[in-house]
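**Q** My questions all concern the structure below.
The values are calculated or read from the model by the stated rules, or taken from the named source; none is laboratory data. Because the structure is predicted, anything quoted here is derived from the model rather than measured. Because the Cβ atoms are built from the backbone with ideal geometry, glycine has one as well, and the counts that use them run over all protein chains shown. These area figures cover heavy atoms from the full protein model, side chains too; ligands, DNA and RNA do not enter into them. Shrake-Rupley method; radii C 1.70, N 1.55, O 1.52, S 1.80 Å.
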Amino acid sequence: MDVYFPLSKRSRTSASGEKFEQKKPSIEVLPDECLFEIFRWLRGGRERSSCACVSKRWLILVSNICNYEIRDNNIIHALNPKDESTNKKGGIVSEVEHNDVDSDGYFTRNLEGKKATDGGLAAIAVGTASRGGLGKLFIRGSNSWNRVTTVGLRAISRGCPSLRVLSLWNLSSIGDEGLCEIANGCHRLVTLDLCHCPAVTDKSLLAIAKGCPKLNDLTIESCANVGNEGLLALACCCPNLKSVSIKNCPLVGDQGVASLLSSASYSLTKLKLQALNITDEMFSVIGHYGKSVTDLSLTSLPNVSDKGFWIMGNSQGLEKLKSFTIASCLGLTDRGLEAVGKGCVNLKQFYIFKCDLLSDKGLVSFAKVAGSLESLQLEDCHRITQIGLFCSLLNCSAKLKVISLVNCLGVMDLTTGLPPLSPCESLQSLSIRNCPGFSDSSLAVMGKLCPQLQHVELRGLHGITDAGFLQLLKSCNAGLVKVNLKDCVNLSDKGVCRLTNLHRWTLETLNLDGCKISDASLFAIAENCLLLGDLDVSKCAITDSGIAALAHSDLINVQILSVSGCSMVSDKSLPSLRNLGKTLLGLNLQQCKAISRSAIDLLVQQLWRCNILF
């Protein structure tokens, strides 16, 4: 029998007289094609993972092997008959079948910043392939770091056919070639999210449309080279789209969006359009084909006029719409808003933001016809006044539960012009934020209009004093549960003490951040509030005595306490805070300058289950 002994390493002498050593043969001298062929014979996921750990070169090669390229198990068995194992039925079960698991997509991976590299993606592809498969992949790049290229996406495509969700954010290095790889290998893809990917064009969407017909959730944001052609392809090949969101894509117009709507008329339930060059004609398509849409958001559409909203509302196609957002659309007027109310008969939640032409007339008309409305939010609508607000409550549906006004400068106290008031028994939540003209008289009227309030948020209202707040408290018959009075700088202990006395059996959350209160309010809270679990007294004039009163009370069981910015709370409160720690889950001590760092460190050790901010 011939036996081969490799030559031992020995010194050689060159022509110039220099000595050098002969290197041992190495597998690294083999070209990629040979190594690739060798790796195809690896019998399981564990072996492939081990080889991928040798070097970056091996990692990339192993990650580029598709499942169908792995050598058949029967061939392996024929070459290695001693390695076979027999199952209960007498059949041969290979080691590959023992080690590999069906790829159903159990794993979720998230790569951000400097971790988002081709090597990271290749490692994910190899590591998850035989352990249940990759189901969701989120990649977040940055302006200063873009190391994900086609190589990384190719590895995912070949090693993760189970991928269902792919999200790519802020990746300028990703282009059509990479997404085409995904389309060729990930045919189970149902969710695609592309945000700030400038190199992606319609070619990518054409490939996705052909390779991923099960796609039902599409988000495209700030992709300047994506236009109507790609959306047309998706409309033709992906008829089961359920959610579509397109934002800030200047090449997208009426044709592309209309094709998506018309093809997915019976499946599309969520539609969001923002900063696009669409016109009134597109709104007519929404009104006609949006038969299954339940959630609609229209933002910053400068080419849409009042005619578009009027046609959309009168098309009577949005009968299933339940949530509607209109933001920064200068074309929305009173006539268009009334038409929307008539056409959306099942509308429950309506949010209007920065619609400068909308006035009291349109709001009241909408309130009369929107018979299913449950929540109404108005923000930066400066032509809405107190009369429009009150008349809307008088004419609203019996289902209205929530009303919110944010930064509406036209809402201010009026002494004349109000119609006879009848209560809105259904309203349970009132939120007025940063409306400087809203003061005591308005609050008193709101109390009479809304006797069943349970949640009250009055933030940044400098015109609210104890007198107006007391009128509201007397009118709330149902019992207040959540009260937020943040930055109401003219509210004092008198109003807070009255609140804790009248609503002691229902109050659960109280925010007094920035109010003009002292220890007297904490004494009243400790004595009355049986159910209070969340208390915020940040930036208030409370002292150690107030904290001690809370700690010695047998009634309250506060879980969240914030005393941030309370300069008179000192180390003397440490025993009281330790006593409160029996129930505390969250404690905010930020900007408490009279509390030493040593006291905080001791508190952190003792209240180990409480999350302490300092």
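**Q** Looking at (1) without any contact (Cβ under 8 Å) to a residue 40 or more places away in the chain; (2) not in a loop (DSSP other than H, G, I, E, B), can you tell me which one L330 breaks?
**A** The number of the failed condition is (2).
**Q** Which residues, taken from segment 482-519, are surrounded by 18 or more Cβ atoms within 10 Å (Cβ to Cβ) and of a type in the set (A, V, I, L, M, F, W, C)?
**A** V483, L485, C488, L491, V496, C497, L499, L507, L510, L512, C515, I517
**Q** In segment 425-454, what residues are more than 23 Å from L532 (Cα to Cα), open to solvent by 10 Å² or more (accessible area, probe 1.4 Å) and not in a helix (DSSP H, G or I)?
**A** E425, S426, R433, N434, P436, G437, S439
**Q** Any idea which of F390, F350, F366 is touching a residue at least 40 places away in the same chain (Cβ under 8 Å) and open to solvent by less than 10 Å² (accessible area, probe 1.4 Å)? Can you show your working first?
**A** On the way: F350 fails: touching a residue at least 40 places away in the same chain (Cβ under 8 Å); F366 fails: touching a residue at least 40 places away in the same chain (Cβ under 8 Å).
Being touching a residue at least 40 places away in the same chain (Cβ under 8 Å) and open to solvent by less than 10 Å² (accessible area, probe 1.4 Å) holds for just one of F390, F350, F366, which is F390.
**Q** For segment 455-512, give me each residue that is in a loop (DSSP other than H, G, I, E, B), in contact with a helix residue (DSSP H, G or I) (Cβ under 9 Å, 6 or more places away or on another chain) and either within 23 Å of C435 (Cα to Cα) or of a type in the set (G, A, S) (or both).
**A** Those that are in a loop (DSSP other than H, G, I, E, B), in contact with a helix residue (DSSP H, G or I) (Cβ under 9 Å, 6 or more places away or on another chain) and either within 23 Å of C435 (Cα to Cα) or of a type in the set (G, A, S) (or both): L461, G463, I464, T465, C476, G479, L480, L485, C488, N490, L491, L512.
Matching residues to (1) under 15 Å from L168 (Cα atoms); (2) of a type in the set (S, T, N, Q):
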residue	(1), (2)
G178	yes, no
L194	yes, no
K203	no, no
S222	yes, yes
L234	no, no
C237	no, no
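**Q** Collect the residues in segment 184-216 that are closer than 18 Å to A155 by Cβ, open to solvent by 30 Å² or more (accessible area, probe 1.4 Å) and in a loop (DSSP other than H, G, I, E, B), keeping them in residue-number order.
**A** Scanning segment 184-216 gives H187, R188.
**Q** While we're here: Any residue at all in segment 406-423 that is open to solvent by less than 40 Å² (accessible area, probe 1.4 Å) and either touching a Pro at 6+ places or on another chain (Cβ under 6 Å) or in a strand (DSSP E or B) (or both)? Even if it seems obvious, please write down each step before you answer.
**A** Quick first cut of segment 406-423, residues open to solvent by less than 40 Å² (accessible area, probe 1.4 Å) only: 406, 408, 410-411.
Those left that are additionally either touching a Pro at 6+ places or on another chain (Cβ under 6 Å) or in a strand (DSSP E or B) (or both): 406.
Checked segment 406-423: at least one residue is open to solvent by less than 40 Å² (accessible area, probe 1.4 Å) and either touching a Pro at 6+ places or on another chain (Cβ under 6 Å) or in a strand (DSSP E or B) (or both).
**Q** Just wondering, is there one or more residues in segment 168-179 that are open to solvent by less than 20 Å² (accessible area, probe 1.4 Å), under 24 Å from K270 (Cβ atoms) and part of a strand (DSSP E or B)?
**A** The answer is yes, given that some residue of segment 168-179 is open to solvent by less than 20 Å² (accessible area, probe 1.4 Å), under 24 Å from K270 (Cβ atoms) and part of a strand (DSSP E or B).
**Q** OK, next. Please go through segment 149-167 and pick out each residue that is more than 13 Å from L215 (Cα to Cα) and surrounded by 24 or more Cβ atoms within 10 Å (Cβ to Cβ).
**A** Matches in segment 149-167: G152, L153, R154, A155, I156, S157, G159, C160.
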